[in-house]
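The values are calculated or read from the model by the stated rules, or taken from the named source; none is laboratory data. What you see is a predicted model, and the numbers here were worked out from it, not measured in a lab. When we count neighbours, we look across all protein chains shown, and the Cβ atoms used for this are built from the backbone with ideal geometry, even at glycine. Each accessible area value is taken on the protein alone, full model and side chains, heavy atoms only, with ligands, DNA and RNA left out. Shrake-Rupley method; radii C 1.70, N 1.55, O 1.52, S 1.80 Å.
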Amino acid sequence: MELMKESIEAIIDNIHQAEEYLVAEDIDEFLDIIVSANNVFVTGAGRSGLAAKAFAMRLMHLGLSAYVVGETISPAIYEGDCILAISGSGETNTITSAAKISKNRGAKVLALTSFPESTLGKLADALVIVKGRTKVEADDENYLKRQIKGNYTSLTPLGTAFELTSLVFLDGMVSELMEKMGQTEKDLKSRHAVLE
């Protein structure tokens, strides 16, 4: 139980630390692109993909046209659309490939990553840095040294800190979108699934 509590604290600490990297102008640019897009596509691999899907659901609740890349009902992406690509490393092949295709078709690329100089970061029209320990960092040579010194980053294994921080960030962005679009919780609820 003690490890679980320490893990929760480590995750919460990461979320608080990630706030330092948020830049108001970057958030505004994200919001403007999302609101003005004909369609918003979201993509992420693994648990980052789950965070992307959760955000797509909220976009739908806001009345925006949102699609998850790879789902059978996702249409082609065109100019006037945007894609939100989530990758801690910014180097996940499937994610960078989707971003490149989108860019080549004239769509805007939004990126959530820990590494702005990554392939994804360089492709982005708008980028928000979400700091969190990624799988790449879990493989670095100093990992064992940190463990011996008592810095138990394994309390947030692989990309946990990045993924959860991304989820919290995107949920926070929903509040900004609600205000920008003049939407209330009642408006969102009216679009909530009823076939459950």
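Miscellaneous remarks
- Filtered by the rule that a residue be in a helix (DSSP H, G or I) and either modelled with pLDDT under 95 or open to solvent by less than 50 Å² (accessible area, probe 1.4 Å) (or both), region 51-77 gives Ala51, Ala52, Ala54, Phe55, Ala56, Leu59, His61.
- Criterion (touching a residue at least 40 places away in the same chain (Cβ under 8 Å) and not aliphatic (A, V, I, L, M)) met by exactly one of Gly70, Gly49, Gly63: Gly63
- Number of positions in region 24-39 that are free of Cβ contacts under 8 Å to residues at least 40 places away in the same chain and either charged (D, E, K, R) or assigned to a loop (DSSP other than H, G, I, E, B) (or both): 3
- Gly90 without any contact (Cβ under 8 Å) to a residue 60 or more places away in the chain, touching a helix residue (DSSP H, G or I) at 6+ places or on another chain (Cβ under 9 Å), in a loop (DSSP other than H, G, I, E, B) and open to solvent by less than 40 Å² (accessible area, probe 1.4 Å): yes
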